[in-house]
Amino acid sequence: MSDEILISAKDLTVGYNIGKGFFDRTVLKAVNEVSVEIKRGSFFGLVGESGSGKTTLGRALLKAAPITGGHATFTDGEVTYDLATVSGDELKDYRKRAQLIFQDPYAALSPRMTVRDIVAEPLEVMGLTKTREETDARVREIAAKCRLNLEHLRRFPHAFSGGQRQRISIARALVSGPKFIVADESVAALDVSIQADVLNLLKQLQKDLGLTFLFISHDLSVVAHTCDHVAVMYLGRLVESAPTRQLFAAPRHPYTKALFSAIPSLDPDDRGRAQKLVGEIPSPLNQPSGCKFHTRCPNAIDKCRTTEPTLENPGDGHAVSCHRWRELLEAAITA
Ligand code: ADP
Ligand code: MG
């Protein structure tokens, strides 16, 4: 991992117009003023319950969800893309550099196309190769890197297992030579035994091809073993962000602690002593006042109900958005 920042977002907001007509201009904010920096060559994890805005943030960074507020940039060497405004030919270029690996390898692949055609399609759509020979050569090269046999290329996706299909979707995502990959729950649909294979492949590809990953997962144990850095989202906001080891050793946000307490082997607060998460994530259309987590937080006080905390970076690279984190840390030390 380098110190160069590949992706930088500042107060990034994604609002969906879900109103039902001229007089109903309801906007659902799926991502709300998120600031985040992803270093080149990192495996950056994004966790949070379903509905917290992970997919939307990943899609916004791929320019596949509408950025309605704030800024985001992608900088690779000499080139910078302003993701809030990029369009036209520049956007076509950006699509070569930033790609998505889907969650469900069964749904993502067209059943009527051979593996060769599935992997080749982005090259043809983006006009990256001129002749069939050139396309075939590139497809063979990326297929080998993704540990697919060349004889597989002539078959149809139904002939393959879940893990093999996921390798086909990875090859398709990588064929255009992108630098930034959003992997959204990319191993969630796979058997545990296969998950490790696919994760190893992603790590290997990261090294070989110099990739940067935004790795979205609801599974904290997967994140613990693969990511260098983890950010935690709740109701469209970033509530905590730290190097993985630091986050798992000493989470600062009550929400993160509650997520960990669901997994006994990861619970830093002595096996289940931390409060389990109760209730459900509120609707983005009916957001609580103050800290968005206060309705479920075991540590909430009056201030949390009235005043929204900001993401604070105390200088050790471990950012947190909680009024009480220092106080709770001291209480835990003296307890
Ligand atoms: P996650 O990936 O963490 O489960 P999502 O980003 O999918 O969260 O969703 C965040 C919120 O945004 C949810 O409340 C979801 O219903 C809403 N949402 C996502 N996509 C859209 C869309 N295209 N239109 C309207 N609302 C959306
Ligand atoms: Mg999602």
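The table below lists the values:
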read-out: Tensor-based shape of region 248-334 (alpha-carbon gyration tensor, a/c under 1.5 rounded, otherwise prolate or oblate); value: oblate
read-out: Choice from Arg154, Arg245, Arg40 with maximal GNM fluctuation in the chain (Cα, 10 Å cutoff); value: Arg154
read-out: Set Lys257/Lys303; Lys179/Lys257; Lys54/Lys276; Lys39/Lys257; Lys203/Lys276; Lys20/Lys54 screened for pairs whose C-alpha atoms are more than 28 Å apart; value: Lys179/Lys257; Lys203/Lys276
read-out: Size of charge dipole - the chain - debye, nearest 20, with Cβ of Lys, Arg +1 and Asp, Glu -1, no other charges; value: 580 debye
read-out: Net charge of Cβ neighbours under 13 Å - reference Arg296; Lys, Arg +1; Asp, Glu -1; value: +2
read-out: Separation of alpha-carbon centers, region 130-197 and region 198-252, rounded to whole Å; value: 22 Å
read-out: Set of aspartates and glutamates with alpha-carbon distance to Lys145 below 13 Å, sequence-local pairs under 8 removed; value: Asp208
read-out: Highest to lowest packing among 222-230, 191-199, scored as the average C-beta count within 10 Å; value: 222-230, 191-199
read-out: Extension gain from Ser221 to Asp82, taking 0.36 nm per residue of separation minus the Cα-Cα distance; value: 46.7 nm
read-out: Gain on full stretching of the segment that runs from Ala64 to Ile263 - 0.36 nm per residue minus C-alpha separation; value: 68.4 nm
read-out: Relative contact order [Cα under 8 Å, 6+ residues apart], region 248-334, whole percent; value: 22 percent
read-out: Coil-residue trypsin sites (Lys or Arg not before Pro) of region 55-92, DSSP, other Cβ within 10 Å capped at 10; value: none
read-out: Dimensions in Å of the chain - Rg and Dmax from alpha carbons; value: 21.0, 69
read-out: The chain: angle of helix 325-334 to the longest principal axis, Cα-based, in degrees nearest 10; value: 70 degrees
read-out: Relative packing of peptides 304-315, 319-330, 126-137 - highest average C-beta neighbours within 10 Å first; value: 319-330, 304-315, 126-137
read-out: Relative exposure of His253, His218, judged by other C-beta atoms within 10 Å (fewest first); value: His218, His253
read-out: Leading residue at positive end of dipole, the chain (Cβ point charges), from Thr334, Gln164, Met126; value: Gln164
read-out: Helical mean residue ellipticity (222 nm; -39500 (n - 2.57) per DSSP H run of 4+; nearest 500) of the chain; value: -10000 deg cm²/dmol
read-out: Net charge contributed by nearby residues that have their C-beta within less than 11 Å of Ile216 (K/R +1, D/E -1); value: -1
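Read the figures in this text as sums done on the coordinates, not as results from a lab. This is a predicted model, so every value here is computed, not measured. Note that we place each Cβ from the backbone using ideal geometry, even for glycine, and neighbour counts take in every protein chain shown.
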